[in-house]
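Worksheet for the structure shown next.
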Amino acid sequence: MKDFFEGIQYLFEEILFIPYDAFRSMHSWWGANIINWIFFIIGAVAMVYWVLQLKKFNDNNEENKDVTAHSYL
């Protein structure tokens, strides 16, 4: 069982994180954090899209807002 977890450790540390090791050794802050900025932009765009969709459904009164509409209420 120990070999299984050491195999997972090897996979992540030695194979999957190779691009991140290259970013860590960069001398430019912007270059080293480009992946974080890309993820931030994707998340911000997704959040704006989600909020606009919620507003669209709310404006059309498509949601049943009765207190018995959802079983968890």
> Which residues, counting only those in the range 8-25, are exposed (fewer than 10 other Cβ atoms within 10 Å of the Cβ) and more than 23 Å from the chain's Cα centre (by Cα)?
Replying inline: S25
>> I'd like to check which helices (runs of 4 or more DSSP H) are fully inside the chain and have at least 1 residues that are in contact with a Phe, Trp or Tyr (Cβ under 9 Å, 6 or more places away or on another chain) and modelled with pLDDT under 90.
In response: 29-32, 34-59
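The values are calculated or read from the model by the stated rules, or taken from the named source; none is laboratory data. No experiment lies behind these values; they were computed from the predicted model shown. Cβ atoms come from the backbone with ideal geometry, glycine included; neighbour counts cover every protein chain shown.
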